[in-house]
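The values are calculated or read from the model by the stated rules, or taken from the named source; none is laboratory data. In this text, all values refer to a predicted model and were calculated from it rather than measured experimentally. All Cβ positions, even for glycine, are placed from backbone atoms using ideal geometry, and neighbour counts span all protein chains on display.
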Amino acid sequence: MKTSSRLRAGDEYLFDWIDKLRADAGSGELAPIPLGVGDCDLPTPPVIVTAMQRAVEQPELHRYPPYEGTARMRTAAVDFFRRRFGLRPDPDREVLVTLGSKEAMAHLALAFVDPGDVVIVPDPGYPVYATWARFCGAEVYRMPLRRENGFLPDLDAIPADIARRAKLLWVCYPNNPTAALADTEFYDRLACFALQHDILVASDAAYSEIYFDAPPPSFLQSPGAMECGIEFHSLSKAYNMPGWRVGYAVGNEQAIAALRAVKTHTDSGTFAAVQHAAVAALTDTTDYPARLRAVYHERMTVLCDGLEAAGLEVLRPRATFYCLVRNPAGLAGSAFSERLLTEARVLSIPATGFGPGGEGYTRLTVCAGLDQIHEAVRRVSTITW
Ligand SMILES: Cc1ncc(COP(=O)(O)O)c(C=O)c1O
C-alpha cells in the first residue's frame, strides 16, 4: 500500500503525538498532570445540553442540514457579531456554519490555494495553516512572531516577491500558542496590506471569548476587511463544546461562497440538533463565557504565580487558556518539556511544536482543575534547573 507523498513520514499531527505521549506516560496514579493540550476539562453548560436533548427528539432535525447551516444558527451568529463587534454580516451571503473551525480552515486552503502559490503563516502558529498549504502544493512563508513585537508579525518585513505571490495570510488572535492579542491598529494595517497585495486574510478567532481584560476586536471591524477577509469562530472554547464540532465563518461573500463550494463536496454539515444547541449557547443571556473567563483567570494566576515562585520566567497572558514559559537553563527544543514530564510528571508542549519560531519557549494550559494546577506547581518547584 502506498500513501500519498503528502503524508510524509514523521509528519504526525502535533496533538496526536501529545496524546500518545500522555498515554505512554501512564495512567491512574502515574498519569501525568495534563497541562499540554488545550482541551477544556469542564462540561458543556447544562442549558446547551438540555437544548440538545430536546433537539435530538425532533425527527426533522435528523435529516441532512442545509450546506450553509440552519437559518437560525446563521442568524444567531449574526446577532453575536452585532452585540460583540458592532457588525451586521449578511446571514445568507457572509456567514457559513462549520464543523468546529479546524475543518473549515483546512478547506479554505482547498478553496484558494493552487500549487506554486504562497501561503503566509505565523511562526509559531496552529499547525493546520501550514500543513494544508503544503497539502495544496503551496510554498509556506513563515512570518515570525517575536516577543519584542508583542508577537505581532512585522508586515513590512514580508519580502515583496512573497507578498506578490501570496494568496492567503493567516493570523490568530488571541493567539495560540503565545496568548498575545492584536489591536485594531494592527488589524487596520493588515487590511491595507491585504488589499494592496490582493491577499485573502484568514483570521482564526477560536479564542475570541477567552480574555482577561478588554474584549479583543475582530479583524472584520477594520476598514476594508470585509473585502479581503474571512474569520473563523468556534463554540469549542467559549462554551466547552470541543467535541460537538460547531463553529462558523464570517467574511467576504466570495470567500464564504468558495468555502461553501468545497464543503458541499466534502461534508454535509453539522448535525442540525447540534446547531440547535449552538443557538441556545449563542442566545443564552446568562453570559456563560464570562463565568468561564473567571475560572481560567483564577487558574492562570495560580499557575503563573507558582511557576514564577519556582524561579521560571512566565509570559503572563491577557487571553486564552495558555501561557508561555521561557525554557530555563538554556534548554532547547523539547528538552524542558521532557524534563517536566519525566521529573515532575507534568505534560506541556514545546512551542517549537508550532514552528521553529517557538524556540526557547514551552506552552502550558490551565485546562485542568485548581487542585491539579496546585499539584503541578508543587512538583515543578522541587526541580532544580
Ligand atoms: C488556534 C486554534 N484554532 C482553531 C482550533 C480548532 O478548534 P475547533 O476546530 O474545535 O473550533 C484550535 C484548537 O485547539 C486552536 O488552538
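Points worth noting:
- Inside the stretch 211-230, residues that are assigned to a helix (DSSP H, G or I) and hydrophobic (A, V, I, L, M, F, W, C) make up a count of 5.
- Only one of the listed residues (Glu185, Glu209) is surrounded by fewer than 16 Cβ atoms within 10 Å (Cβ to Cβ) and modelled with pLDDT of 95 or more. That residue is Glu185.
- Criterion applied to Ala225, Ala257, Ala249, Ala294 was being surrounded by fewer than 22 Cβ atoms within 10 Å (Cβ to Cβ) and assigned by TED's automatic domain parsing to the domain that holds Ala191, and the one residue passing it is Ala257.
- Matching option when the condition is within 16 Å of the ligand (Cβ to nearest atom) and either surrounded by 23 or more Cβ atoms within 10 Å (Cβ to Cβ) or over 21 Å from the mean Cα position of the chain (by Cα) (or both), among Leu61, Leu96, Leu87, Leu42: Leu96
- Checking each residue in the stretch 183-210 for being away from the ligand (no atom under 11 Å from the Cβ), in a loop (DSSP other than H, G, I, E, B) and closer than 19 Å to Arg84 by Cβ picks out Asp183, Glu209.
- So Arg142, is it more than 26 Å from Cys323 (Cα to Cα) and basic (Lys, Arg): no
- Single residue of the stretch 30-39 satisfying the filter (away from the ligand (no atom under 16 Å from the Cβ) and surrounded by 20 or more Cβ atoms within 10 Å (Cβ to Cβ)) that is nearest to the chain's Cα centre (by Cα): Ile33
- Of the helices (runs of 4 or more DSSP H) lying entirely inside the stretch 234-349, those containing at least 1 residues that are of a type in the set (Phe, Trp, Tyr) and either within 20 Å of Gly38 (Cβ to Cβ) or under 22 Å from the mean Cα position of the chain (by Cα) (or both) span 288-309, 335-344.
- Hey, Glu148 within 16 Å of the ligand (Cβ to nearest atom) and either over 13 Å from Cys228 (Cβ atoms) or touching a strand residue (DSSP E or B) at 6+ places or on another chain (Cβ under 6 Å) (or both) or not: no
- No other residue among Ala77, Ala106, Ala71 is within 16 Å of the ligand (Cβ to nearest atom) and surrounded by fewer than 20 Cβ atoms within 10 Å (Cβ to Cβ) apart from Ala106.
- Some residue of the stretch 34-51 being at pLDDT 95 or above, out of contact with any strand residue (DSSP E or B) (no Cβ under 9 Å at 6 or more places or on another chain), within 29 Å of Pro127 (Cβ to Cβ) and hydrophobic (A, V, I, L, M, F, W, C): yes
- Which numbered condition Asn175 fails, given (1) more than 16 Å from the ligand (Cβ to nearest atom); (2) of a type outside the set (Val, Ile, Thr); (3) part of a loop (DSSP other than H, G, I, E, B): (1)
- Search result, residues across the stretch 350-385 that are surrounded by fewer than 20 Cβ atoms within 10 Å (Cβ to Cβ) and part of a loop (DSSP other than H, G, I, E, B): Glu359, Gly360, Gly369, Thr382, Ile383, Thr384, Trp385
- Pairs where the first residue, in the stretch 87-102, is free of Cβ contacts under 8 Å to residues at least 60 places away in the same chain and the second is assigned to a strand (DSSP E or B) and within 16 Å of the ligand (Cβ to nearest atom), C-beta under 7 Å, 6+ apart: none
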